[in-house]
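A short worksheet on the structure shown next.
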Amino acid sequence: MIPMADHENGQAAVVYNGEVFTPRRRFRGGVVIRDGRISALFRGAPPAGSASRRVKRYDARGNYIVPGFIDMHLHGGGGIDFNRAAPSDLAKAAFFHASAGGTTALLPALLTDALPRLKAAAAAIGRARREAAGPEILGLHLEGPFLNPQFKGAHPEEHLLLPERRSLEELAGAAGSSLVMVTLAPELEGGLEAVSYFNALGVIVALGHSGAGFERVCAAAERGLRHAVHTYSAMAGFHHREPGALGAVLSLDGISAELIADGVHAHPAAAKILFRAKGPDGVVLITDASPAAGMGEGEYVFGRRKIVVKQGRPLLPDGTLAGSTLTMNRAVALAAGMASLPLEEALAAATVNPARVLGLQARKGSLEPGKDADVVVMDASCNVLLTLCRGREISCLL
């Protein structure tokens, strides 16, 4: 029996007649929602009481009912650059990714920039996080400025810094409680101390844009490094006598590994190797979306630099890749194809795995009673037909 309530206040809804994906099984049925949370799952027909006019009904029409996606690494979308976005712009980008890609929670990332700009952007993200009414803004990911210039990728070299204590404290203080993750290169002078510093603050420390050797990454892992951003891209590669940063990521169980599954950043064989090495719990799908995501081909601005989108690839003038144009639904579809995965495993890499990395598994990442009603309906090609964020309708094509 569904408790009756006013759906306009986000209190009662049912999504039915679909293939429900849970961490342990899939079945024909649906999801009951009350007060922004999942109240119950059911098999077969909707339970008694769901026909009330006070309950919003969504007929999934035989499509897939899956958890909302969690994107823990993206820089913008819909023409919006997180480095220069006002809180209202951040909300617009979040709504774009929710409606187009099924992303119900996101961790905005900041490209390396001048310290005053990073502080201003961190403040904007903090305000957007507090005010978010739809897709949940989880906090802030500082991707830099403590990166190796030789592996800088699209990050502007003139703003890269060594991880000196004063800079660490300045950025951590400006970000405050919004700071969730920091990407750094542990081989830099002061790099290991920076890992310890951020780890002591409860911040996720990630490896990225790094030329570190295997032993250096192991030393960083002992100090609390536990994640790797966009695996393969902008990191020291593997050699059988010097496994490098990549070898450490592939072999250390305590490091979770991101993958940009767009068919550009990593070859299908590389995607398959990553899933096999890390297992079904160790890979996290991300978009690393640039401001050009969802905007088509043309010229855009990303961190005050021009990027050009050609054949779906955002590029700096010198040809360097500058993020992607992915949405999370496409990342799931492409990962399943590239790595020959069952859909359940690709979905886990976009839902339960990032929830676990972020420490949110108690309320996000899976369709289970008591968790946030972050629900997506998509077809067999992973096109998004419905997005609910904590029970609130963001988009509906059903």
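What follows draws every value from the coordinates through simple rules; no lab data is involved. Because the structure is predicted, anything quoted here is derived from the model rather than measured. Cβ atoms come from the backbone with ideal geometry, glycine included; neighbour counts cover every protein chain shown.
Using C-alpha pairs under 8 Å with a sequence gap of at least 6, the mean separation divided by the residue count of the chain gives a relative contact order of 19 percent. What the phi angles of segment 351-361 give under the Karplus curve with 6.51, -1.76 and 1.60, with θ = phi - 60°, is a coupling list of 9, 5, 5, x, 4, 5, 4, 7, x, 10, 5 Hz, glycine and proline written as x. The phi torsions of segment 370-375, fed into the Karplus equation with coefficients 6.51, -1.76 and 1.60 and a -60° offset, translate into couplings of x, 7, 4, 7, 8, 10 Hz, rounded to whole numbers, with Gly and Pro shown as x. Rounded to two decimals, what ratio of Rg to Rh does segment 69-357 give with C-alpha atoms and a Kirkwood Rh? Taking Rh as the inverse mean 1/r over Cα pairs, Rg/Rh reads 0.93.
Given the Cα-Cα distance of Gln311 and Gln150 and 0.36 nm per residue of separation, how much length would full extension add, in nm? Numbers along the way, then the final one.
Working: separation 161, 0.36 × 161 = 57.96 nm, distance 2.68 nm.
Full-extension gain reported as 55.3 nm.
From the helices alone, meaning DSSP H stretches of at least four residues, give me the mean residue ellipticity at 222 nm for the chain, per-run term -39500 (n - 2.57), in deg cm²/dmol to the nearest 500.
On the way: 10 runs with 104 residues, N = 398.
Value at 222 nm, helices only, nearest 500: -8000 deg cm²/dmol.
Compared with the dominant principal axis of the Cα atoms in the chain, helix 115-131 is inclined by about 10°. Could you state, as a whole-number percent, how many of the C-alpha pairs of segment 192-331 are farther apart than 19 Å? Across segment 192-331, Cα pairs with separations above 19 Å total 55 percent. Once both labels are positioned 7 Å from their Cα atoms along Cα-to-Cβ, the gap between Asp281 and Arg43 label points is 2.7 nm.
A simple spin-label model places pseudo-atoms 7 Å from Cα toward Cβ; at Arg130 and Glu189 they are separated by 3.9 nm. Between Arg25 and Cys396, the simple spin-label model (points 7 angstrom out along Cα→Cβ) gives 2.9 nm.
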